[in-house]
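No value in this document is a laboratory result; all are computed from the given coordinates. Owing to the predicted nature of the structure, the values given are computational and were not obtained by experimental measurement. Glycine also receives a Cβ, built like all others from the backbone with ideal geometry; neighbour counts cover every protein chain displayed.
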Amino acid sequence: MPHRPGQIAPCLSPWGNRRGKSAGTPDDTGTRPRRAYHHGRLKEALIEAARSLIERHGPQGFTLSEAAKLAGVTPAAPYRHFSDRDALMGEVAARGFEQFGARLAGAWDGGRPDAGAALQRMGRAYLSFAREEPGFYFTMFGHAQRLSDQGRIAADKAFDSLIKAAAAVLRERNVPDAGARPLAYEIWSTSHGVATLSLGRFLDADKPEGDPAQVLENAVSALIERAVWTASMDG
């Protein structure tokens with residue numbers, strides 16, 4: 001599998017290095033964690049508990065026992081499905097890539113009305129997913145080394161959708177699409193950087209010239225123009 005973007009830098013994480021409240025204490029609204037476990041749904045309950053804890057405390061901000069407590073099961077129960085905390089995190093990452101890929105595919109919508117407009121929608125979908133699902137997002141790129149085969153397939157599928165989109169954009173500009181893969185890597189890297197800076201509040205729509213969506217659109221447009229120029233020179 002192609003190398004994916006690496007571990008999120010701690011300074012960019014909105015949670016910093018501090019642990020939050022224990023999963024057994026009331027949250028900021030004064031309510032206690034709900035009991036999510038029902039017979040036959042242990043694995044799903046633990047994945048949902050982990051995602052919720054990541055959103056509140058960060059990827060390193062909870063233990064496997066705390067995930068079990070939030071799911072409403074005993075500390076030993078998670079070991080029926082996961083050998084350790086990293087295995088649970090790998091499954092969360094896999095689920096994240098599945099949903100992420102579905103978002104990108106939906107935004108592409110067959111490249112309608114044209115490839116350029118569809119690629120812009122994909123960029124907005126990328127930023128929306130990171131903003132709406134920070135638990136998945138940070139885990140996806142911070143625990144890719146623990147992905148299952150199913151998770152790697154989902155990650156590859158998401159990246160392949162960017163390659164196909166990049167190829168369609170180049171063909172639409174009447175140049176060969178041989179440079180689609182490197183262009184897709186550049187778009188992925190740029191999108192990831194903008195999304196991460198947005199989550200860290202370094203980019204914000206309320207800041208002058210700091211709207212993440214506009215920053216991403218401008219950056220991707222520049223990447224496309226360079227790719228088109230390179231392809232025309234090579235051709």
With 0.36 nm assigned to each residue of separation and the Cα-Cα distance removed, Leu197 to Asp160 gains 10.9 nm
Hits in the range 119-157: amide N under 17 Å from the 7 Å Cα→Cβ extension of Arg112, namely 119-122
Label Glu217 and Thr230 with points 7 Å out from Cα along Cα→Cβ: what is the distance between them in nm? 2.5 nm
Using a basic spin-label model with each label point 7 Å from the Cα along Cα→Cβ, how many nm lie between Glu44 and Glu132? 2.0 nm
Checked the range 90-234 against the a/c 1.5 cut and the a/b vs b/c comparison, axes a ≥ b ≥ c from its Cα gyration tensor; verdict oblate
Report ³J(HN,Hα) in whole Hz for each residue of the range 116-131, in order, from the Karplus equation J = 6.51 cos²θ - 1.76 cosθ + 1.60 where θ = phi - 60°; Gly and Pro get x. x, 5, 5, 5, 4, 5, 4, x, 5, 5, 4, 5, 5, 4, 4, 6
Here, GluC sites (Glu not before Pro) of the range 48-108 satisfying both criteria (DSSP loop; at most 11 other Cβ within 10 Å) are none
May I ask which residue of Gly90, Ala167, Ala180 lies farthest towards the positive end of the charge dipole of the range 90-234, with charges of +1 (Lys, Arg) and -1 (Asp, Glu) on Cβ and the Cα centre as origin? Gly90
So what's the gap between the Cα centers of the range 108-167 and the range 172-186, to the nearest angstrom? 17 Å
Calculated FRET value between Gln120 and Arg152, using beta carbons and R₀ = 30 Å, to 0.05: 0.60
Using the Karplus curve 6.51 cos²θ - 1.76 cosθ + 1.60 with θ = phi - 60°, what ³J(HN,Hα) values do you get for each residue of the range 142-149, in whole Hz, with x for Gly and Pro? x, 9, 4, 5, 9, 5, 6, 4
